[in-house]
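The values are calculated or read from the model by the stated rules, or taken from the named source; none is laboratory data. Note that the structure is predicted; figures quoted are calculated from it, not measured. FYI the Cβ positions are ideal-geometry reconstructions off the backbone, even for glycines, and counts take in every protein chain you see.
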Amino acid sequence: MIPVRSPRRGLILGLAITLGCVSGLGLLAGSLYLLFYGSEGACEEPGARERLARVSAAAPAAAAGTAPVAERTGAECMDDSGDPWMTANSVYTHGGDVQPLITHYWDTATADGWKPVGTRGDAPERFRGVSGMCFRKDLAGEPALLRVGSAGHGEVLVAVESALDGSSMDC
């Protein structure tokens, strides 16, 4: 739950300030920075930690027979792309048969109000794909995604994501 600040964001801010000092266009440079990258410290804005806690709590319960991988589980706010977003990731090991995982997460997510992207018939292929099975839901009025998929041999990744500005994210 540690907010992350982007090195790129600091570099861009530094360049904007330098441009302003050297050329006298500080107002223009600062305005362009805010236009393209938002306010400084978006992950530190009031309410960000509470939203991150809601995102973390929205993940479905782990499937039976799985074990958490502690060093690959956590939540953070990231603002390195100019579009701050939050993610809560949980990685679990499993016995190798993914069908019970697909069934568990499909049933648990839909029962909790998550709306699937795609059909249940697509779920096995999506689970093994790059973005995994994807579901949408509003969390306290903000759109969020739930992704469940293979994280490598014998591991499953469960991730809940939400854009800090409240915009919809793509699966």
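Some observations on this one:
- Residue that is in contact (Cβ under 8 Å) with a residue 24 or more places away in the chain, surrounded by 13 or more Cβ atoms within 10 Å (Cβ to Cβ) and touching a helix residue (DSSP H, G or I) at 6+ places or on another chain (Cβ under 7 Å), where the choices are ALA63, ALA48, ALA58: ALA63
- Restricting attention to region 66-75, the residues that are under 21 Å from LEU145 (Cα atoms) and surrounded by fewer than 18 Cβ atoms within 10 Å (Cβ to Cβ) add up to 4.
- Top-ranked residue of region 90-108 - restricted to ones that are buried (at least 19 other Cβ atoms within 10 Å of the Cβ) and within 20 Å of the chain's Cα centre (by Cα), ranked as nearest to ARG51 (Cα to Cα): SER90
- TRP85 being surrounded by 13 or more Cβ atoms within 10 Å (Cβ to Cβ), touching a Lys or Arg at 6+ places or on another chain (Cβ under 6 Å) and within 23 Å of LEU164 (Cβ to Cβ): no
Residue-wise test of (1) over 18 Å from GLU142 (Cβ atoms); (2) assigned to a loop (DSSP other than H, G, I, E, B).
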position: VAL55; (1), (2): no, no
position: ALA61; (1), (2): yes, yes
position: GLY65; (1), (2): yes, yes
position: CYS77; (1), (2): no, no
position: ASP83; (1), (2): no, yes
position: VAL91; (1), (2): yes, no
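- Counting residues in region 117-134 that are among the polar types (S, T, N, Q), within 26 Å of GLY166 (Cα to Cα) and modelled with pLDDT under 95 gives one or more.
- Options ALA70, ALA109, ALA163, ALA58; residue that is over 26 Å from GLU45 (Cβ atoms) and touching a Phe, Trp or Tyr at 6+ places or on another chain (Cβ under 9 Å): ALA109
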